[in-house]
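Trainee: Pasting in a structure now, in structure tokens, and then I'll have a few things to ask.
The values are calculated or read from the model by the stated rules, or taken from the named source; none is laboratory data. Please read these numbers as outputs of a predicted model, since none were measured by experiment. All Cβ positions, even for glycine, are placed from backbone atoms using ideal geometry, and neighbour counts span all protein chains on display. SASA here: full protein model, heavy atoms, side chains in, ligands and nucleic acids out. Shrake-Rupley method; radii C 1.70, N 1.55, O 1.52, S 1.80 Å.
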Amino acid sequence: MPRYAYINGSYTAHNKACIHIEDRGFQFADGVYEVIACIHGCLADERGHLDRLQRSLSELGMDMPVSRQTLQLIFRELLRKNRLKNANIYIQVTRGIARRDFPFPDHETTPLSLIVTTWPFRFDGNPRVKDGARVITVPDQRWARRDIKTIALLPQVLAKQHAVEAGAYEAWMLDKNGYITEGSSSNAWIVSQDNKLITREPSHDILRGVTRTAIDKLRQEMGIEWEERPFTPEEAYRAQEAFTTAAVALVVPVIAIDDHKIGTGKPGPVALGLYKEYRAYVDGLRGEQLKWKA
Ligand code: PDD
């Protein structure tokens, strides 16, 4: 079955979908992206992802390339063409194609580039959820606006590669004061000795995860207290549990950080409970999906 991608107005065979060499995303990483999970045909927190896309664009002086409703139509048409009900949807918007020059091109004459791709997402079969994952800590080498979801991901690529080479799943990044900011492509959480969920507060230092926001809602319903504050690797080593959240993996329990066993060294009840509740939460969004105007 051919695989399709959406690129600047057309649904194209995935292996033929190309972007011009002078796209500003390619030359300057001048663009933003989003990843949305589609679970049993239901787009998880589509509204939250579209809101963040709009915010990222606006922080960089770009508009939406098409209306939200058109974007939603594109997602659904691409999922249909690719016959996917369980998928990750990748959306990338760049400042378009223009002669290589640092200042912004004239936005009247240079349309933004829009790319949407999808790939299968096997959430429940993820062995890391069942068995837990290992993480390492590395310096956070990113720029000062980590709240914007830009495609400039080289520091995260290097951090993740470091993790892979160390036999780990994710790298938790450390700010200059030695506190964990977040994972290279996920938010970082611990369960403290006094049973509180701890995760860093939203600021320019981290990406405010859409999954993170959903987990906040769920932990309130579950009666779990939380504190939004920075934490150190040493505090994390002593935590009862640790986990990461992201649209591409939902909730992944962490069983070791820098070779320190976390808790019992097995996925803990809070992380597994939140995974289960998150799945139920997305299934519960189905009614809202039918209206599908985010
Ligand atoms: N990354 N922090 C960073 C740095 C991220 O790149 C991501 C997601 C998150 C979690 O955000 P959300 O819950 O909205 O997915 C936090 C995506 C999934 C990626 O780059 O593939």
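Trainee: Between the DSSP loop rule and a limit of at most 16 other Cβ atoms within 10 Å, which chymotrypsin sites (Phe, Trp or Tyr not before Pro) in the range 140-179 are left?
Mentor: Passing both the DSSP loop test and the Cβ count: Trp143.
Trainee: Moving on. Nearest 10 degrees is fine. How inclined is helix 68-81 to the longest principal axis of the chain, computing both from alpha carbons?
Mentor: 80 degrees
Trainee: Treating only the Cβ of Lys, Arg, Asp and Glu as charged (+1, +1, -1, -1), what charge dipole size does the range 126-249 show about its Cα centre? Round to the nearest 20 debye.
Mentor: 400 debye
Trainee: Any idea what angle helix 269-284 forms with the longest principal axis of the chain, computed on alpha-carbon atoms, 0 to 90 degrees, nearest 10?
Mentor: 30 degrees
Trainee: On to the next question. At a threshold of 8 angstrom on Cα-Cα distance, excluding pairs fewer than six apart, so keeping six or more, what relative contact order does the chain reach in percent?
Mentor: Values: 581 pairs, mean separation 55.4, N = 294.
Relative contact order of the chain: 19 percent.
Trainee: Would you give the gap between the C-alpha center of the range 24-70 and the C-alpha center of the range 243-278, rounded to a whole Å?
Mentor: So the separation of the two Cα centres works out to 27 Å.
Trainee: While we're here: What list of ³J(HN,Hα) couplings, whole Hz, do you get for the range 247-259 from phi and the Karplus terms 6.51, -1.76, 1.60, once you set θ to phi - 60° and write x for glycine and proline?
Mentor: Coupling constants for the range 247-259: 4, 7, 9, 6, 10, 10, x, 10, 10, 8, 10, 6, 6 Hz.
Trainee: What do you get for chymotrypsin sites (Phe, Trp or Tyr not before Pro) in the range 212-294 restricted to DSSP loop and a cutoff of at most 16 other Cβ within 10 Å of the site's Cβ?
Mentor: Those satisfying the criteria are Trp292.
Trainee: In nanometres, what is the gap between the two model label sites at Arg286 and Lys176, each 7 Å from Cα along Cα-to-Cβ?
Mentor: 5.1 nm
Trainee: In sequence order, what are the phi-derived ³J(HN,Hα) couplings for the range 121-131 according to the Karplus relation 6.51 cos²θ - 1.76 cosθ + 1.60 with θ = phi - 60°, rounded to whole Hz, with x for glycine and proline?
Mentor: So the J values, rounded to whole Hz, are 10, 9, 5, 5, x, 5, x, 5, 5, 6, 9.
Trainee: Okay, moving on. Quick one: helix 46-59 against the long Cα principal axis of the chain, what's the angle to the nearest 10°, folded into 0 to 90?
Mentor: Helix 46-59 sits roughly 70 degrees off the main axis of the chain.
Trainee: Over 25 Å between Cα atoms, which of Lys149/Lys261; Lys130/Lys217; Lys196/Lys266; Lys130/Lys261 qualify?
Mentor: From Lys149/Lys261; Lys130/Lys217; Lys196/Lys266; Lys130/Lys261, over 25 Å: Lys149/Lys261.
Trainee: Assign one of three labels to the range 1-120, namely rounded, prolate or oblate, based on the Cα gyration tensor with a ≥ b ≥ c the square roots of its eigenvalues; rounded applies when a/c is under 1.5, prolate when it is not and a/b is larger than b/c, and oblate otherwise.
Mentor: The shape class here is oblate.
Trainee: Output wanted: per-residue J couplings in Hz (rounded whole) for the range 215-220, from phi through Karplus 6.51 cos²θ - 1.76 cosθ + 1.60, θ = phi - 60°, x for Gly and Pro.
Mentor: 5, 4, 4, 5, 5, 5
Trainee: Roughly what percent of Cα-Cα pairs across the chain reach past 25 Å?
Mentor: Of all Cα-Cα pairs in the chain, 50 percent lie more than 25 Å apart.
Trainee: Next up: Rolling a 1.4 angstrom probe over the protein heavy atoms, how many square angstrom per residue are accessible across the range 1-121?
Mentor: On a per-residue basis, 49 Å².
Trainee: Then there is this: Give me the number: length gained by fully extending Arg145 to Val157, i.e. 0.36 nm times residue separation minus the C-alpha to C-alpha distance, one decimal in nm.
Mentor: Here the segment from Arg145 to Val157 would lengthen by 2.6 nm.
Trainee: Just in the range 1-87: which GluC sites (Glu not before Pro) are loop by DSSP and have at most 16 other Cβ atoms within 10 Å?
Mentor: Filter output for the range 1-87: Glu22.
Trainee: For the range 150-294, which whole-number percentage of the solvent-accessible area (1.4 Å probe, protein heavy atoms only) is attributable to carbon and sulfur atoms?
Mentor: Within the range 150-294, the accessible surface is 53 percent carbon and sulfur.
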